[in-house]
Each structure stands twice: as C-alpha cells, then as structure tokens.
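The values are calculated or read from the model by the stated rules, or taken from the named source; none is laboratory data. Quantities reported herein were computed from a predicted structural model and do not represent experimental measurements. As a convention, Cβ positions derive from the backbone with ideal geometry for all residues, glycine included, and neighbour counts pool all protein chains shown.
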Amino acid sequence: MSHLGVASPGKKHKQEGSPDADEVKRNSKDGLKYVWIPPGRFAMGCSPDALCDGDEKPLHAVTISKGFWIGQTEVTVGAYERFVEANGRSMPPAPPFDNAWRDKAMPMVELAWADARDYCQWAGGRLPTEAEWEYAARGGNPGPRYGLLDDVAWYANDSGQRRLDSEHLWDADMQKYQSELNQDQKKYYKLLIENGDRPHEVAGKRPNTLGLFDTLGKSGSGATTGSTCTTTKTAPVPILPGREAAKCASCAADRIWGAQDTSRLRSVTESTPSCVMSLSGHDARCPRFPE
C-alpha cells in the first residue's frame, strides 16, 4: 500500500477466468515471454522520497480496471527481426555498440514510435498506456526503485569497462559548462564512450516483483499516451548519472537508454518498444488486453 492508500497488483484483484498474477507465457509470434499483470490501483507520479521534475506531479491514485499481458523484457533485436522478415521491412541502421545487429538478445533501439506501434500490432497487441506502463514497472512498489540500483539497472556507473561516478562527472560538467549545456552534454557523452558504456542484453539484472526485467535504466520504452511518449530513439550510451538514473520508467519515459533520469520509478515521457498483448499474450514491450 502507498501513502495514498492504493493497492498494488496481486491475487486479490484476480478477475474470474483470468490468469494468476505473475503467470508467464510465450508469444509464438515474436518468441518473447509475456507476464500477466492483474488489475489494481496505484499511486502514479512522483515517489514521495525521490527528487522529482514538474511533469511527475501531482502524485495521484490511478485504477487499472483490466489486467493485461506485457513483455517480460524489452523487445529484443531477435524478436524485431522476426517482425521485419514477416513484413518485408528493413532493419534500421545498427548502433555502434551492436554492429550489424549481431547480438539478438540486445534491446531493440533506433525505432520511431510508429515502428514500435506496428511491431506490437503485428505481435497481437498494442503499446501500453502511460498508466499501464508505470503500474507494471512499479510492481506494487511506491518508492523510486525496487532494489539497489546496481542490482536492478544498467546505468552510467555500471555499464562500461570501469565503474564511474557519473553523478560527480555530471555535476562537474554542469559547473564548468553551466552556460553551454550542449557542450556539457558532449563532454559527458565523450567520457562515457571512452569508458565503453553501452546497453546490455535484456534480463541481466534482478526483475521487479512482477517478474519484469529492466524497468529501470537501459533503453527508453514507448507508450500511447502523453505528448512526449512518441519517441523511441535511444542514445548509444547512458548519458546521465545514478542519482537521476534511479527514476523508474513510466510511459516510455525513464527507459531511455542512459538518460540521467533512468534510475527511479516515475511517470514521465521518453522512449525502445514495449507491447500490451491480449490473452492468447518499447525498448518495445507490448501489452494486450484479455479476450
């Protein structure tokens, strides 16, 4: 229960004839596993104990009236290649960290929102709403994260050849280039690139209580609501430090790879694909309503 008195996902919200909470099934279309998210209520927005931006406020109670299936991981390169081959499409240019899309377990990036939408529709689902995404990402946790950051997320500190103090690097750059933000970002990116910071294969960290991986850090995810939830372009390296990386993704928001605000649970906007699937089953991550 949160301080707003709202309930988290659980078996007591089970709808008659619906799957059990945390049930997992594989979608034969894209080959990915999907987790059943039962209906419930949660506190959406800024976690009470977190640093928050204006677009995360006010914290408010939201009811998810229907359960849905959502991808256990971000959509992988291998899953997206199935979609491309089935529909006569072409893969986008590969990012520097995954030459020629060789690693099939990497999260799929470099997509436009429409690409993520089309993928989800092909797989039998749709993109999640912002509320659905945050509800699933939180997994009943009202706090800014669901474990120690290094245990649950890939972010600027732990994604390269050596460990970084990204918060210190970011703050130092901000002081030095306070009047030239673009220059500041360029220097920060350069430091991370030199350190080999990059996204990692899906499911390499501990999942949340619903069994979903990488709902903190990693790549951005797409959702259907919110004016800024329409981009699925992701940066080649994590760009922001752990303090902000602790924001948990809602919408597609905090999953933008390497953003400074990818390490805490919150409701904002940015976006790789995630899909909601119907009962039969960005990152892309697809949800579906039950039939």
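Pairs are defined by a Cβ separation below 6 Å, a sequence spacing of at least 6 or placement on different chains, a first member in the range 21-43 that is over 16 Å from F213 (Cα atoms), and a second member that is among the polar types (S, T, N, Q) and outside any loop (DSSP other than H, G, I, E, B); the pairs so defined are R41/T63.
If you scan the range 100-113, which residues turn out to be within 19 Å of K29 (Cβ to Cβ) and more than 15 Å from the chain's Cα centre (by Cα)? Before the answer, list the steps.
Initially, the range 100-113 is screened for residues within 19 Å of K29 (Cβ to Cβ), giving 104-105, 107-108, 111.
Correct list: K104, A105.
Taking the numbered list (1) at pLDDT 90 or above; (2) assigned to a helix (DSSP H, G or I) in turn, R117 passes all entries but (1). Residues of the range 64-90 that are of a type in the set (F, W, Y) and not in a helix (DSSP H, G or I): F68, W69.
The residues of the range 120-132 that are over 19 Å from the mean Cα position of the chain (by Cα) and in a loop (DSSP other than H, G, I, E, B) amount to a single one, G124.
Just need a number here: residues in the range 112-123 that are out of contact with any His (no Cβ under 7 Å at 6 or more places or on another chain) and either charged (D, E, K, R) or crowded, with 20+ Cβ neighbours inside 10 Å (or both).
Step one: filter the range 112-123 for residues out of contact with any His (no Cβ under 7 Å at 6 or more places or on another chain), giving 112-115, 117-123.
So of that shortlist, the ones also either charged (D, E, K, R) or crowded, with 20+ Cβ neighbours inside 10 Å (or both) come out as 113, 115, 117-120, 123.
Residues that pass the stated criteria total 7.
For residues in the range 185-237 being among the aliphatic types (A, V, I, L, M) and either modelled with pLDDT of 60 or more or outside any loop (DSSP other than H, G, I, E, B) (or both), which is nearest to A153 (Cα to Cα)? Lay out the reasoning, then the answer.
Within the range 185-237, the first condition is being among the aliphatic types (A, V, I, L, M), and the residues that meet it are 191-193, 202-203, 210, 212, 216, 223, 235, 237.
Next, only the ones that are either modelled with pLDDT of 60 or more or outside any loop (DSSP other than H, G, I, E, B) (or both) stay: 191-193, 202-203, 210, 212, 216.
Numbers: L191: 20, L192: 17, I193: 19, V202: 10, A203: 10, L210: 16, L212: 12, L216: 5 Å.
By that ranking, first place goes to L216.
Scanning the range 63-78 for residues that are in contact with a Phe, Trp or Tyr (Cβ under 8 Å, 6 or more places away or on another chain) and under 11 Å from G31 (Cα atoms) yields G71, V75. Checking each residue in the range 91-114 for being over 21 Å from K33 (Cβ atoms) and part of a strand (DSSP E or B) picks out only A112.
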